[in-house]
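Have a look at the structure below, then the notes.
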Amino acid sequence: MSSVISERDAFLGGKVAYEIYIRSFNDSNDDGVGDLKGITQRLDYLADLGVDYLWITPFFVSPLKDGGYDVADYRNVDPVFGTMDDFDELAREANARGIGLMLDMVFNHTSDQHEWFQKALAGDPKYQAYFILRDPEPGATPEDPGKPPTNWDSKFGGNAWAFSPQMNKWYLHLYDVSQPDLDWTNPEVRAELADVLRFWVDHGVRGFRFDVINNISKGSFEDDFEGDGRRFYTDGPYVDEYLRELVREGGIGDLMTVGEMSSTTIEHCINYTKPENNELTMAFSFHHFRVDNAGGTRWSKAKANIPMLRDTFAAWQERMAEAGGWNAVFWTCHDQPRPATRFGDDSTPELLNVSAKMLPLCTFLMRGTPYVYQGEELGMTNPGFTGIDQYRDVESINYYQIMQDEGKSEQEAFEIIAYKSRDNGRTPVQWNSSAYAGFSTVEPWIGVGCNYEWLNAAAEIDDPDSVYSFFKRLIALRKAEPIIQGGDIRFLESPAPQVIAYERTLGDEHVVVQCNFSGEEQPAVAAEGGEVFVSNYKEAGDGKTLRPWEGTAYVWR
Ligand code: ISL
C-alpha cells in the first residue's frame, strides 16, 4: 500500500473551511445586523482558530425574504452588509492572513426584485426567456388561473408554481414564491452567471459555494404522483455539462469550489467532484441529517438514529474514496439546528463540553474537507426560544402553519420548530457576556441564545479545556497528518449501536477512531498497542469501554 497521498488529497484534505452566516456573525455599525466590516474585525480570531477558507453567505443586494438567498443584484453589496470597499478590504485582509474567501453563488434562482425578473414581468421577451414560464390553460383569468403546470411542491411549502397576472404566465419557484428559478437551458443565462464569477474573482475571491446547484437542470415537467416533484429536477440531465461550462467560462478551475447538493446520490457526487471531470472540488450532501426524521419527514422531532448515521457516513466516505470523489464533511450549516443540541447533550455545561468535542473529532478525522459553522467551535446550542414570534425564517414560519393545518397542535408544531428550525443556527455568535453577546450594541434582528452569559468566545479562547481550544487542536492535527488528509478509510463494525468507529490507513500507519454517541458507557473497539492520537478525555481510558460521549483516536506507527 502506498504511503504517499495524492497532491489533490494533500491540498483539499489539509484545508479547513469556516462558514459565516453574515447577518449573525458580527455587527460593526450597530444596526443589529452583521456585516462585512464585522467579519474583518474578527479575522484575527479566525486566523488563531486556524481556518483556511471562509464561506460567506450572500451579502448581495437582496430584499432578504430568504436571508440573502434571494439575490436582486449579483454584483453589488447590499447596503445593510456594507460597501464594495468594505468587501475589498475584507478580501485584502483575509488574503494577508492566508485565508481565502469563498462566495455563495445562488444561481438556481434570483429574487423577484432582480432586474431580469422585473423586465420579464414588464413583458420583455429576452428576459422572459431567463425564467421558467408557462402559459395558463385556456380560459384562465387572473382570479382563477386554473391548474399549475405541474403538481410539484415548493421546498418552502405550497405549489412550486406561482401565477403572475402581469405576464399572464406561471413561473416556477422551487423555493420561496419570491425566488423564480432561472432557465439554464438558455445560453445567455449561463453566460451571465459565468460573468458574475469573473467579476468576483477580480475582487480577490479564492473560491465559491454554489447553492442547490444540482437543481439547475430540470428534466421533464410532469406531475409527480409518487413524491413532491424533486425526482424530475434533481441531478437533472445536464448538470455535469453546465458545471463544466460554468467552471471553464468563469475561469475558476483552480479555485476551491463546493456544490450544495440537495437530495442527491453518491454516484452523482462522484461525477461532480472527480478531478478529471473538471466540475467542482467537493460536494455538500445532507443524507446524514435524515437520521432524526421521524416518519420520513424533516418536520418531526426524534432522537438521532446512530446506526443509520454510521451507515450513511460509511457509504459516503467509502464509496466517494473508492471512486475518487471528495466530500465536504460537516455537522451543520445555516440551515440546520445546532449539533451540540441535536447529536450531543446540552443539558449541563459538562455534558455539553464533552459532547461538543466528540462530534468534531468524529468528522475531522474522516476523508474530506471539514467545514466549521460559526459558533460550532464554541459549542453553541439551539437558542431556547419560547414563542413563535421569536422566529424569523420564512420556512419555519410557513411550516409552523402547515403542521397545524395538517392536524398537529400548536404545542406540537412549536416543539418541532424549536428543534429543527433553521433559525437555531442563525442566532448571533456569542462573543462575550455583555448585552447581545457582544454581537451588537443594539437589539439584533434575531434574539440571542439563552446561555450567552457563560457560553461565549471570551470565556473559551484562553481556556485549554474549552470546545474552542479543542477545535484548534483538531485543525492543527489535520494539517500535520497526511494519514488524515489522504489515507484510506474503512468503517469498522460497531461494538454497540451507539458507537461509530472507523479506520484510516496510510502505508504502515493506521488510526482507529471511535466515538460514543451516548451518555452511557459503551464497549470499545480493541486498540492494543496503539497510542492515543487525540481524545476529548484528558486521562486515557481502560481500552475496553468508551466513557460517556467519549471520542478517542488511536494511532499505530
Ligand atoms: O433548509 C433546508 C433543510 O434544512 C433545505 O431544504 C434547504 O432549503 C436546501 O438545503 C437548500 O438550501 C439553500 O438554498 C435555499 C436557501 O434558503 C438556503 O439557505 C440555502 O442553503 C434557497 O436558496
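The values are calculated or read from the model by the stated rules, or taken from the named source; none is laboratory data. These figures come from a predicted structure and were not determined experimentally. We place every Cβ from the backbone using ideal geometry, glycine too, and count neighbours over all the protein chains shown. Protein only, heavy atoms only, side chains kept; ligands, DNA and RNA dropped before computing areas. Shrake-Rupley method; radii C 1.70, N 1.55, O 1.52, S 1.80 Å.
Cα-based values for the range 115-172, radius of gyration first and Dmax second, are 11.5, 30 Å.
Entry comment: accessible area of the range 291-347 is 34 Å² per residue, from protein heavy atoms only and a probe of 1.4 Å.
Here the range 88-223 has 48 percent of its accessible surface on carbon and sulfur atoms, given a 1.4 Å probe and all protein chains in place. To put it simply, the accessible area of the range 441-557 at a 1.4 Å probe is 50 percent carbon and sulfur.
Remark: spin-label model distance Ser434-Glu241 equals 5.7 nm, labels positioned 7 Å along the Cα→Cβ axis. Evaluate the Debye formula for the range 486-556 with equal point scatterers sitting on the alpha carbons, no solvent, and hand back log10 of I(q)/I(0) at q = 0.14, 0.22, 0.26 Å⁻¹, in q order, two decimals. Cα-only, vacuum Debye calculation for the range 486-556: -0.37, -0.91, -1.22. If you bin all the Cα-Cα distances of the range 1-124 at 10 Å, starting from zero, the percentages per bin are 13, 37, 27, 15, 7, 1, 0. Extension gain for Glu7-Gln166 works out to 51.8 nm (0.36 nm per residue, less the C-alpha to C-alpha distance). The mean accessible area for residues of the range 125-212, using a 1.4 Å probe and ignoring ligands and nucleic acids, is 40 Å² per residue. The modelled label-to-label distance between Leu43 and Phe221, using points 7 Å beyond Cα along the C-beta direction, is 4.7 nm. In the context of the full set of protein chains, residues of the range 405-464 present 45 Å² of accessible surface per residue (probe radius 1.4 Å, heavy atoms only).
Residue separation of Ala476 and Glu406 scaled by 0.36 nm, minus their Cα-Cα distance, works out to 20.3 nm of gained length.
Annotation: extensible slack from Glu453 through Thr83 equals 130.0 nm (criterion: 0.36 nm per residue apart, minus Cα-Cα distance). Using C-alpha pairs below 8 Å separated by at least 6 residues, the relative contact order for the range 37-174 is 19 percent.
Near Leu352, once Lys and Arg are set to +1 and Asp and Glu to -1 for all other residues with Cβ below 13 Å from its Cβ, the sum equals -3. Here the simple spin-label model places points 7 Å from the Cα toward Cβ, and for Lys538 and Thr265 these points are separated by 5.1 nm. Give the residues of the range 400-432 whose amide nitrogen is closer than 17 Å to a point set 7 Å from the Cα of Ile461 in the direction of its Cβ. Answer for this model: 429-432. The Cα-based radius of gyration and maximum Cα-Cα distance (Dmax) for the range 167-324 are 17.3, 51 Å.
If R0 is 56 Å, the Cβ-Cβ spacing of Ala129 and Asp389 corresponds to a FRET efficiency of close to 0.85.
Here the chain is treated as a sphere whose radius is the Kirkwood value from Cα pairs; by Stokes-Einstein at 20 °C and 1.002 mPa s it diffuses with a coefficient of 88 µm²/s. Reported value for the range 256-402: 129 Å³ per residue, from the convex hull of its C-alpha atoms.
Centre-to-centre, using Cα atoms only, the range 386-421 and the range 105-158 are separated by 28 Å. Summing charges over all other residues whose Cβ lies under 10 Å from the Cβ of Gln179, with Lys and Arg as +1 and Asp and Glu as -1, gives -3. From its DSSP helices (H runs of at least four residues, each -39,500 (n - 2.57)), the chain gives a residue-normalised ellipticity at 222 nm of -8500 deg cm²/dmol.
Applying a DSSP loop filter and a limit of 15 other Cβ atoms within 10 Å to the GluC sites (Glu not before Pro) in the range 110-198 leaves Glu143.
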